[in-house]
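All of the numbers you see were taken from the coordinates with simple rules; none came from a lab. The structure presented is a predicted model; accordingly, all values stated were derived computationally and were not measured. Methodologically, a virtual Cβ is constructed for each residue, glycine included, from the backbone with ideal geometry; neighbour enumeration extends over all protein chains shown.
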Amino acid sequence: MRYYLTLLALLSCGVAQAASWSQQQLAEFADTAPLTFGVVSNADDRTKKMRLSLDNQSDMALPSSGWSVYFHLVRKVAPLADANVQIEHVQGDLHRLYPTSDFKGLEPGQSLSVEFSPSAHMVSYSDFMPRAFVVMGELEPEVFANTDTETLTDFVEPIVRQEQQLRNRHDKFQVMTAETRYQANKQWSALEPQAGEHRIVPKPLESKFRRGSVTLDDSWQIRYAGRLKWEAQYLIERLKTAYGIELEAEPDHHSTKKGPVIYLRVAGGGVKSAELPEVSEGYVLEVSDERIVIDGSDSAGAFYGIQSLLGLMGSDKAQLPEVLISDAPRAHWRGMHYDMGRNFHGLDVTLRMIEQMGRYKLNKLHLHLTEDEGWRLEIPGLPELTEVGANRCFDMSEQRCLLTQLGTGPHESGSGNGFYSADDFVAILKYAAARHIEVIPEIDMPGHARAAIKSMEARYQRLMEAGDKAAAEQYLLSDPKDASEYITVQNYTDNSINVCLESTYRFVDKVIYELQQMYRRAGIKLDTFHMGGDEVGAGSWTASPACSALFTSELGVAGPADLKPYFVSRVSQVVSERGLDLAGWEDGLMYDPNNTFNRAQFANERVIANVWDNIWEWGVADRAHRLANAGYQVVLSHGTHLYFDHPHEVNPHERGYYWAARYTDLAKVFGYMPDNLYANADFTRNGDPIDNLEALVGRPLPPLEKPDNILGIQGQVWTETIRTPEQLEQMVYPRLLALAERAWHKASWEGTQPATEQRLEDYRGFLSSFEKELPRLVAAGVSPYLPPPGAVLDDGVLRANSSLPSASIEYSLDKGASWQAYDKPVRLEATTVQLRSRFDEQSSRVVTLEN
């Protein structure tokens, strides 16, 4: 509260000195004065250097005072030294550049350029955010036109030198170029064109192929067990959409028609099969002439049998081999986490994700519904959560919207704003349940809760003005007298819910109640509530009068270190009384890196921990074992292999953060071994090979004593740098398919000493399946990532290859004006050639070679 009042005072000071520009003049200036950023150097381990430049190409002089430039940057910027302008950190990623008394103005044709020091390295274009804007007096903010784009190179200078591309002097990761990519891609050259013809993703437990094939046409019919009516309709729709086949379906006991039949059955309904696995979600699929049988151990198993049936077919012909498949999942938690709290992308892309999760047999959708930057779900009775908390704009009072973040810019029309209505959410629940996917809602707290805090402060202000003090305080999440000082990893100073206020727990109960009502409307039971709990700012609540009073009570809270477990215990009680399991991120359930909260203090039957922080050299990779051994159920969510917001390769053009791994390509996700956690240790953050993890950590690593407490694995996509649906899908796909492969199927090459040649052979087979899977993704409206091709020019001969052989390669000799198909080495006379991967209407980013 004190912080934003200080900002208002500074802004008011600027208003008093503002020049007498009109709105049109300010708009013309923003349109014609480009603002750019540049990476100067990351070479100094202590001080990184970046550049901000403002080139006044307008015909107006920028005055000496009365203006501010606001920009988004993922790193906190240190104040400038000895400059005629100054930079201050506002909140989160928002910074303000303003003139000091030494600034003399900026005449037309002049440029302002300042070097600044971010809190850490910046090596990627996506480290810089769009939609910087200028504020002058009481005029509406105007966005610098060259930054109002998702083409980041329009406002970020080229990142081409080694000191720009490497994070520090010790960074050993090779920046990928067309030439190095060409060498790396050679390992996939042994792919057989037909190797993936019968490969199903994810790979079944056991497949016995026979001679012969079956072709579906309109003469076939479907007979189904009564409980599988929806699954039968699903199969009908997919066959019609993909192949134009129109089949009729009837309950099995009603049908008297003759002809070839697809039977959909479930255990307990007369199914007797020696091959049927005696576990949930298992199935047997038998394809023979005139007869296809899918026997599921339950309805989910029958649904997965349908997916395998579809997976056997070609992308353009409903032909499949005669086969007997017996299948069951290795893990019963096969999840995907989607953060729309940072940036909201809409309902349609969420439904597409659910459809593809079902297609590849994933069964848990962890929806990260709230964040510092946004509250994304309508809660009846608390309209401020979405009226204020779902939108970002330039409102320093935050009574109308949250303070702009993550490249949204000053206007509510900017990227990332929006929310699911209650009706939308009910539709999501129904859509997911039909595909046997459980939706796990996360309301992140006590940290990462700024959107909720500011929304309830706006509610408090409104009701206090109406004279209703009791109602105003009913759901308040912050203590106006709290003078605690902290800053989080994401550079927030006011995002911790006050855990010592009773109104906090009324808020928690209210939100959970409304969630349960939505689930009931969808005809589904809410089973698990995820409280988040991660990354609470150190120093939270240390100067809160409400917490000081709690320390003197008889509740067993002696000081600030007891407040997080106190909060989790209180939330646990609320959740337990509503009949739910509790879930949270690992650090929300731990005192410190090595010590978990006492599991016995939580009333819930299950407390589930998503274990994510496994930076190998930091000695935290054993948390999964520690939590499982302590009685928690664990979902493996490791940042090094399962974070899909990380770059696909080491290159400044690749989107994403890189705190856990410098890159996470498709092969790395495919190679993750859930049952051999320590064997996944490959490289340190600087790129040093890890040969002995215990030696690196300097202590023994605990073995897993309670393996039954490992529930499964989950992929994560966080969306700080992901502002559009297309960007989201390019980060998720095709890595989601590799996640599904490892969640469902345990490969024979896995182990404490993985069989690397066998893994490579298996991965080649997986890649071959993309001849079928890539067309299906695109036909479903998905925008998958296509890796750029590798290429070399050898004595004027162009040679190119790809890590995704199902995509074609094209080259251009006229800077992209026209493209030609590449299918074999070609001699070129041109000095410059551009290349891209291509599939249907989708293209990779373009790479350039100089001859």
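Summary of values
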read-out: Sum of -39500 (n - 2.57) over DSSP H runs of 4+, divided by residues of the chain (222 nm, nearest 500); value: -7500 deg cm²/dmol
read-out: Rounded tilt (10° steps) of 502-521 against the dominant C-alpha axis of the chain; value: 30
read-out: For the stretch 76-87, 3J(HN,Hα) per residue [Karplus equation, 6.51 cos²θ - 1.76 cosθ + 1.60, θ = phi - 60°, Hz, x = Gly/Pro]; value: 6, 9, 6, x, 6, 10, 6, 10, 8, 10, 10, 10
read-out: For peptides 155-163, 628-636, 506-514, 70-78, sequence by mean Cβ density within 10 Å, most packed first; value: 628-636, 70-78, 506-514, 155-163
read-out: Radius, Kirkwood style, for the stretch 92-150 when every pair of distinct Cα atoms is counted (Å); value: 14.3
read-out: Long-range tail of P(r) for the stretch 663-812 (Cα pairs > 22 Å, %); value: 55
read-out: Residue among 651, 228, 634 farthest towards the positive dipole end of the chain, charges placed on Cβ; value: 228
read-out: Integer Hz, Karplus 6.51/-1.76/1.60 couplings in order for the stretch 99-116, x for Gly and Pro; value: x, 8, 5, 7, 6, 9, x, 10, 6, x, x, 8, 10, 10, 9, 10, 8, 9
read-out: Kirkwood Rh (inverse of mean 1/r, distinct Cα pairs), the stretch 79-193, angstrom; value: 18.1
read-out: Cα Rg over Rh - the stretch 534-612, Kirkwood; value: 0.97
read-out: Entries of 229/364; 186/208; 208/317 with Cα pairs more than 26 Å apart; value: 186/208
read-out: Debye log10 I(q)/I(0) for the stretch 333-754, one point scatterer per Cα, at q = 0.08 Å⁻¹; value: -0.42
read-out: Peptides ranked, highest mean first, by Cβ atoms within 10 Å: ranges 170-179, 639-648; value: 639-648, 170-179
read-out: Selection from 285, 766, 87, by position along the positive dipole direction of the chain (Cβ); value: 285
read-out: Cut-off under 5 Å, modelled amide H: who pairs with residue 261 long-range; value: 221, 291, 292
read-out: Cα-based helix-to-principal-axis angle, 563-577 vs the chain, degrees rounded to 10; value: 50
read-out: Volume per residue that the Cα convex hull of the chain spans, once the total is divided by residue count, Å³; value: 183
read-out: Lys pairs, the stretch 663-817 - Cα-Cα below 27 angstrom, 8 or more residues apart or on other chains; value: 5
read-out: Positive-pole candidate from 61, 136, 427, dipole of the chain, charges at beta carbon; value: 427
read-out: Gyration tensor over alpha-carbon atoms, the stretch 357-473, equivalent ellipsoid semi-axes in Å; value: 30, 17, 12
read-out: Projected area averaged over orientations for the stretch 2-165, convex hull of C-alpha atoms, nm²; value: 9.5
read-out: Compactness of the stretch 486-538 as Cα Rg over 2.2 N^0.38 Å, two decimals; value: 1.48
read-out: Fewest-first sequence of 113, 637 by Cβ atoms within 10 Å of each Cβ; value: 113, 637
read-out: Ordering of 39-46, 436-443 by burial proxy (mean other Cβ atoms within 10 Å per residue, highest first); value: 436-443, 39-46
read-out: Check: the chain dipole with +1 on Lys, Arg Cβ and -1 on Asp, Glu Cβ, in debye; value: 1500
read-out: In degrees, nearest ten, helix 299-312 long axis to first principal axis of the chain (Cα); value: 80
read-out: Sorted by Cβ density within 10 Å, fewest first, the residues 404, 721; value: 721, 404
read-out: Karplus-derived 3J(HN,Hα), 6.51/-1.76/1.60, for each residue of the stretch 601-607, Hz, glycine and proline x; value: 7, 9, 7, 6, 5, 10, 10
read-out: The stretch 224-347 - convex hull of the alpha-carbon atoms, volume per residue in Å³; value: 148
read-out: Cut-off 12 Å between beta-carbons: net charge of the residues surrounding residue 109, Lys and Arg +1, Asp and Glu -1; value: -3
read-out: Of every Cα-Cα pair in the stretch 767-851, the percent that sits beyond 22 Å; value: 26
read-out: Net charge dipole size for the stretch 206-327 [Lys, Arg +1 and Asp, Glu -1 on Cβ; Debye, nearest 20]; value: 200
read-out: 26 Å Cα-Cα reach of residue 481 towards lysines, excluding residues that sit fewer than 8 places from it in its own chain; value: 454, 469, 510, 564
